[in-house]
């Protein structure tokens, strides 16, 4: 990339914002628990974001693809920063819920917008390395955020952590403001009508039917990963009830997962020019699902910790490869719409899988259910690696030149 300073500036802005998000994540849970003393009230936080995303993602992509994404990202971060700043001064649970819903509502625009902006600003040949570096920074935020939050809560309070997150959004907006404008003449935003939405969905449908190779790979990867994510809901239960480990042991295992992800993304960034992103995505998926299996087959702290360290390590490769794959195959003109609609389908599938696994686990051994489900994910991963590495693209126009 000719100007890595621009890329590093973008990575630092989003990375700092993600650090603030993790600090906020711990703090908002503590604040709600202190305010209500109710575990159910804390659990309510986890359904607000998916609901907000389902509310917006059906139409947000239509706006993202027709607007200056840099300005949209700045606007979203400023609004989120202002809304988060208000939370420490609220004392009503339901008002806080409404505020968090609004934050999530605006936040649902940021992910797809940033994906479009990254695709436009980073040359094709540098995307794999850039995505690996972004993964490295996000892993660092995941690792450091909760630890910093815990320290700040002990020394100051949870409200300070929430305000820190508000500041991180504003800082991210300022950094994005310093980045180049990639939309010189964006398409004017049309009135959001039912007809326009149907036309946009038809555009995505036509793309999927013509890009068959891409869609097959996309579905295989998403199913394998979503199955893995769905069993994440059972990891705490498995660690506490099956392995009979302590809460501190559980925290240590999660922290070690972050270490594995940080190391993995660092190596992925260094090896980006030597190993194809196709291997990152396919082999990373197979090995990630394999270590999901070894985790649920573990019998003590060491086997569980090693499994999760390696899981975090290889998921970094899978994530960087997948992101590069999507950037190289989805036309940037429809990327916002594709990403938004994809998040809707992914969210629905994950919710259904999570509920099914949780329900079946009430009647059958939790370990057996998780091993069986992860085994299915491994089979999908093997099919993926065969398709990616040994089956040529069926769409010549989408074949990637390396």
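Computed from the coordinates by the stated procedures, all read-outs in this text should not be read as laboratory data. The model shown is predicted, which means the values in this text are computed figures rather than measured ones. As a convention, Cβ positions derive from the backbone with ideal geometry for all residues, glycine included, and neighbour counts pool all protein chains shown.
Take every Cα pair under 8 Å whose residues are at least 6 apart in sequence, average their separation, divide by the length of segment 196-392, and the relative contact order is 35 percent.
Calculated FRET efficiency, residue 332 to residue 86, Cβ-Cβ distance, R0 = 41 Å: about 0.70 to the nearest 0.05.
Relative contact order for segment 1-175 using alpha-carbon pairs under 8 Å, separation at least 6, rounded to a whole percent?
About 48 percent, as a whole number.
Here, P(r) means the percent of Cα pairs in each 10 Å bin from 0 to the largest distance; for segment 196-392 it is 9, 32, 34, 19, 6, 0. What shape does segment 125-279 take by its C-alpha gyration tensor, where a ≥ b ≥ c are the square roots of the eigenvalues and a/c under 1.5 counts as rounded, a/b above b/c as prolate, and the rest as oblate? Because a/c hits 1.5 or more and a/b exceeds b/c, segment 125-279 counts as prolate.
Within the chain, the ratio Rg/Rh, alpha carbon atoms throughout and Rh by Kirkwood, equals 0.95.
If you plug the beta carbon distance of residue 181 and residue 124 into 1/(1 + (r/R0)^6) with R0 = 30 Å, you get a FRET efficiency near 0.90. A Förster distance of 30 Å, applied to the separation of the beta-carbon atoms of residue 365 and residue 246, puts the FRET efficiency at 0.85.
In the chain, the DSSP-assigned H stretches of four residues or longer account for a calculated mean residue ellipticity at 222 nm of -28000 deg cm²/dmol, using -39500 (n - 2.57) per stretch and the full residue count as denominator. The percentage of C-alpha pairs in segment 1-144 whose separation is greater than 21 Å is 51%. Take 258-266, 360-368 and order them by the average number of nearby Cβ atoms within 10 Å per residue, most first; the result is 258-266, 360-368. Extension gain, residue 95 to residue 232: 0.36 nm times the residue separation minus the Cα-Cα distance gives 46.3 nm. Mind running the shape call on segment 336-388? Use the C-alpha gyration tensor, a ≥ b ≥ c as the square roots of the eigenvalues: rounded below 1.5 for a/c, prolate if a/b tops b/c, oblate otherwise. Oblate shape, in that a/c is at least 1.5 and b/c is the bigger or equal ratio. Sorting the segments 70-78, 296-304 by their residues' average number of neighbouring beta-carbon atoms within 10 angstrom, most packed first, yields 70-78, 296-304. Computed over segment 278-355, the P(r) curve from all C-alpha pair distances, binned at 5 Å from the origin, holds 3, 15, 15, 16, 21, 15, 8, 4, 2, 1 percent per bin. Rounded, prolate or oblate, given the Cα gyration tensor of segment 204-248, with a/c below 1.5 counting as rounded? In terms of gyration-tensor shape, prolate.
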